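The values are calculated or read from the model by the stated rules, or taken from the named source; none is laboratory data. Because the structure is predicted, anything quoted here is derived from the model rather than measured. Note that each Cβ is placed from the backbone with ideal geometry, even for glycine, and that neighbours are counted across all protein chains shown. We work out accessible area using only protein heavy atoms, side chains counted, and drop any ligands, DNA or RNA first. Shrake-Rupley method; radii C 1.70, N 1.55, O 1.52, S 1.80 Å.
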Amino acid sequence: MRFPAARIARLASGLTIRAVEHLGPPVVQWIWVVPTGSATDPETQPGLAALTADLLDEGSTTLSALDLHAALDRIGARLGIQVGSDATTVSLTTLSRYAEEGLVLLDEIVTRPRFEPVDFERARDLRRSRLRQMRTVPGAVADRVYLERLYPDHPYGHLSIGTDESLSRLTVADVKQFYHEDYLPAQTTLVGVGALAHDTLIELAERVFGGRATGSMFKTAGDDSVEPAELRNPSAQVVIVDRPGAVQSELRIGHVGVARRIADYHAVLVLNMVLGGQFVSRLNRTLREEKGYTYGVRTSFDCRRWPGPFSMQGSVQADATVESVQEVLTQMASFTGDGPVTVSELDLACAALTRGFARGFETVGQVARGVVQLVQHDLPADDYDQFVPQIEAVDEAAVTAAAAEYLHVDRAVVVVVGPASQFAEGLAALGLGDPQYVEA
Amino acid sequence: MLEYTKRTLENGLDVIVHEDHRCPIVAINLWYHVGSKNEQRGRTGLAHLFEHLMFEGSAHHDSGYFTPLQQAGAALNGSTNSDRTNYWEVLPTTALELGLWLESDRMGYLLPALTSEKFENQRDVVLNERRQQYENRPYGLASMALMAALFPPDHPYHWTTIGETADIQAATLDDAHEFFRSYYHPGNASLAVAGDVNSEAAFALVEQYFEDIPSGSPIPPVGGVPEVSLLPQATPGETYLFLEDDVELPRLYLAWPTPRLFAQGDAEMDVLADVLTGGKTSRLYRALVYDKRIATDVSAAQGSRELASWFCISATAAPGHELVDLERVIVDELERLSELGPDVHEIERSLAQMEAQFIYQLETVGGFSGRSDQLNAYNIFAGDPGFMDKDLMRYRGIGTDLLREEVSKRLSPRGRVTLSIVPRGSAGRAISGSIPAGVV
């Protein structure tokens with residue numbers, strides 16, 4: 001099973017298209033990829049990239065917001081706008097017979113947004129309301145505090161939604177400026193995947209996006225992203241958000257992790273599988289299947305353009321908070337200590353990844369997201385062909401080396417959102433310093 | 001739309017095979033026609049707790065169910081609702097036999113391996129699932145309050161599938177054994193195999209592993225009474241309830257009992273939900289969020305179930321606004337619909353979305369709501385795995401007059417349950433006249 005090859009074309013207007021013909025039900029997905037995300041937010045304006053993206057589908061210069069959505073609804077299209085730290089993607093899924101109508105609407109959305117003051121205000125107010133509601137969502141609070149602690153004074157240190165203080169000050173002029181300076185001219189790629197021939201997909205893109213003056217709109221090449229402020233690798237700490245009476249504690253434990261383009265990326269994947277990346281991982285086995293403290297926990301290395309967060313995430317019953325945190329720290333340390341990876345753990349993790357590989361490319365959405373990964377991380381076109389051999393090449397020594405390099409229990413940041421009276425004392429005794437308290 | 005072959009083994013097991021050779025994967029999907037509707041009062045939550053026990057090993061494979069399947073590169077999961085419990089694996093083609101063997105072993109030989117240790121561990125896990133998904137989540141108890149009010153105490157939809165904490169704590173290993181003997185046998189199950197298989201080879205494998213499992217006893221009637229007596233709608237009368245919760249913004253729920261899955265009126269309710277709240281051009285989104293800006297979100301859905309359904313509209317008050325204002329807008333809109341019905345364009349839009357949705361759902365062979373899951377759903381609930389075309393036909397004949405009648409007949413203030421969820425200490429922000437909802 002090979003990942004389907006994309007045909008790459010560059011239109012006269014400067015837009016790059018990657019097209020994949022994918023047999024199956026008559027469905028097409030377009031994804032517009034812009035390498036501008038929440039890490040591009042100006043330092044004093046967290047939330048600007050996400051608010052800008054939110055306004056893309058609030059009408060274009062030719063269609064009002066309601067007319068635009070009526071047109072999308074008439075063809076049964078599905079629109080999805082996602083803002084990550086490094087990129088924004090706008091995806092549009094339609095039946096194959098509406099591929100062109102869909103693309104025309106996508107063009108309205110991404111290249112001609114209207115940015116009406118009244119729409120701006122509504123979208124901003126909705127975001128401020130959502131921020132307010134997030135204060136009572138334990139997972140959202142934990143995510144926010146965790147990023148703040150891992151990345152002080154760094155573009156990865158905030159959620160894409162930003163802060164209320166920032167949102168309250170933003171104006172429609174800020175959005176327009178951001179769109180024209182940081183968004184539109186960025187190196188853009190259109191990904192098209194569906195039950196249509198490669199050439200048809202490219203022709204459609206040419207018809208919709210090709211008729212613009214050469215180089216007038218889209219940058220043609222070059223990754224000019226600049227490494228953001230130096231990472232400070234904060235020291236070990238325990239941070240508590242007190243929620244008196246809560247029945248569980250929401251946990252985030254870890255530290256700054258790795259970028260996607262490291263040489264030993266595949267060893268990190270295997271290491272994570274063993275530690276907490278699958279159901280039968282060490283942490284889920286002990287905390288769920290042996291102790292019953294949780295519905296499930298997991299770990300992940302969020303591999304971004306620059307080193308993203310490594311984190312253990314989960315929600316545990318309040319009276320098992322200290323023991324659960326201790327177990328996570330113990331397992332993080334064990335790979336280079338008294339619990340190195342075993343042959344059977346290594347086999348299981350590698351087999352799950354290599355034999356499960358084909359499952360990831362069944363739907364147009366999966367294939368399109370796969371292509372987006374290549375674009376976003378500037379990976380070679382044959383990257384997926386290397387996946388299985390690279391995973392198979394990971395041995396015990398490679399896992400141990402990855403653990404030594406990328407797991408640092410001595411600077412673990414522990415964030416707990418829960419009823420402090422049940423665990424504050426115990427956490428203080430962990431040797432990671434006195435707990436600090438912050439507000440939800 | 002889907003080609004398939006169905007056969008029934010001598011022990012009563014329905015077997016459905018669907019071939020699709022695009023991707024070297026195969027999906028196993030196994031439904032047991034049992035859910036929380038089959039529970040007794042005081043023993044709620046048992047069907048779902050039992051689902052957990054199915055992953056803990058069986059007589060000939062008495063260890064975790066995940067390990068061999070993840071080793072084979074499979075994804076797997078299960079879920080329980082009021083009417084059915086489903087289990088699925090998506091495997092590389094070469095691992096089909098492993099998956100069938102494991103499914104057959106837990107269908108035929110679970111009990112010898114079901115120990116009190118496993119039972120108690122998974123009971124703790126389920127209690128933590130309940131804490132995580134319901135108790136520790138904003139608005140998380142709404143469904144419990146609504147179901148309890150919509151359906152009388154002796155109706156099997158009076159309780160939610162997760163069950164009451166005290167009942168889960170009181171459940172015993174003997175209860176689990178009895179539950180298995182009553183409901184987990186071939187005559188109460190439907191097995192779909194979909195993907196990269198040859199139909200005859202698939203049937204041969206299924207026969208090899210499943211035909212020796214003895215057919216069980218007839219299924220005990222739901223709620224101890226013949227199912228037919230549960231079909232007429234319970235009419236709760238006008239009910240106003242409120243809950244105080246750890247939330248920032250009050251939310252309003254309006255709910256009505258409605259016709260059961262596939263009965264006349266069921267598809268009409270789906271269309272009405274879309275007319276009211278599907279997308280930005282829908283009536284209530286436009287009125288509440290877009291124009292008046294008094295709500296941050298609004299949604300509506302028909303919860304279609306085997307014995308009866310419910311229709312629910314919910315909306316969250318924007319800061320500075322009160323639920324009574326939201327209620328007025330919603331009630332006014334329903335009144336307008338009961339006089340004039342939706343216009344033709346609204347109905348066309350809704351149908352376009354439905355038709356696209358049917359196709360989008362065909363993209364994947366496995367998992368929740370993939371092809372194999374749909375074949376089983378139609379087989380269990382309509383007695384015909386090929387019911388999809390007829391299902392879609394239900395929507396095609398719906399017009400303005402019919403929808404107008406449905407609104408006036410079913411979505412009137414009489415028979416409506418109104419639930420306000422308000423921030424703690426703000427009982428006065430509930431719709432006036434509301435009484436506390438008894439939810440534990």
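Values for this structure:
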| item | result |
| --- | --- |
| Nearest-ten-degree value, helix B:199-210 long axis tilted from longest Cα axis of chain B | 80 |
| Length-normalised contact order for segment A:7-209 - Cα pairs under 8 Å, 6+ apart - percent | 39 |
| B versus A: buried accessible surface, summed, Å² (probe 1.4 Å, to nearest 100) | 5300 |
| Alpha carbon centroid spacing (whole Å) that separates segment B:392-440 from segment B:264-306 | 12 |
| Interchain or long-range residues, amide H under 5 Å from A:Gly47's placed H | A:Gly162 |
| Mean separation of Cα contacts under 8 Å, 6 or more apart, over the residue count of chain A: relative contact order % | 23 |
| Length-normalised contact order of chain B in % [C-alpha pairs under 8 Å, at least 6 apart] | 22 |
| Point-charge dipole on Cβ atoms (K/R +1, D/E -1) for segment A:237-437, about Cα centre, debye to 20 | 560 |
| Per-residue mean of C-beta atoms belonging to partner chains within 10 Å, peptide B:356-368 | 5 |
| Share, in percent, of DSSP beta bridges within chain B that are antiparallel, nearest 5 | 75 |
| Distance from segment A:307-356 to segment B:16-65 (C-alpha centre basis), Å | 27 |
| Whether the protein assembly as shown is rounded, prolate or oblate, judged on the alpha carbon gyration tensor where a/c under 1.5 counts as rounded | rounded |
| Three-way shape label, segment A:1-92, alpha-carbon gyration tensor, a/c 1.5 | oblate |
| Charged-residue dipole, Cβ positions (Lys, Arg, Asp, Glu), the protein assembly as shown about Cα centre, Debye nearest 20 | 1460 |
| By accessible area with a 1.4 Å probe, ligands and nucleic acids excluded, highest first: order of B:Thr364, A:Thr330 | A:Thr330, B:Thr364 |
| Residues whose placed amide H lies under 5 Å from that of B:Glu19, excluding near-sequence neighbours | B:Gly195 |
| Note, ³J(HN,Hα) from phi for segment B:279-295, Karplus 6.51, -1.76, 1.60, rounded to Hz, x at Gly and Pro | x, 6, 8, 5, 4, 7, 4, 4, 5, 7, 9, 8, 7, 7, 6, 9, 10 |
| Helix A:343-355 axis, angle to chain A major axis (alpha carbon atoms, nearest 10°) | 10 |
| Whole-number accessible area per residue in Å² for chain A, which is evaluated in the context of all protein chains at 1.4 Å | 38 |
| Unit charges at the beta carbon, dipole of segment A:244-333: most positive-side option, A:Ser249, A:Leu269, A:Met312 | A:Leu269 |
| By average C-beta atoms within 10 angstrom, highest first, the peptides A:163-169, B:148-154 | B:148-154, A:163-169 |
| Within the protein assembly as shown, helix-based [θ] at 222 nm, where runs of 4 or more DSSP H residues each add -39,500 (n - 2.57), nearest 500 | -11000 deg cm²/dmol |
| Shielding by other protein chains, A:128-134, mean Cβ within 10 Å | 5 |
| Principal-axis tilt of helix B:400-410 within chain B, Cα atoms, nearest 10 degrees | 90 |
| Portion, in percent, of the accessible area of the protein assembly as shown that falls on carbon or sulfur, probe 1.4 Å | 49 |
| Whether chain A is rounded, prolate or oblate, judged on the alpha carbon gyration tensor where a/c under 1.5 counts as rounded | oblate |
| Cβ charges +1 (Lys, Arg) and -1 (Asp, Glu), total dipole of segment B:110-213, debye | 460 |
| HN-Hα J in Hz across segment A:295-304 - Karplus 6.51, -1.76, 1.60, θ = phi - 60°, x for Gly and Pro | 6, x, 10, 8, 10, 8, 9, 7, 7, 9 |
| DSSP bridge orientation in the protein assembly as shown - percent antiparallel, rounded to nearest 5 | 75 |
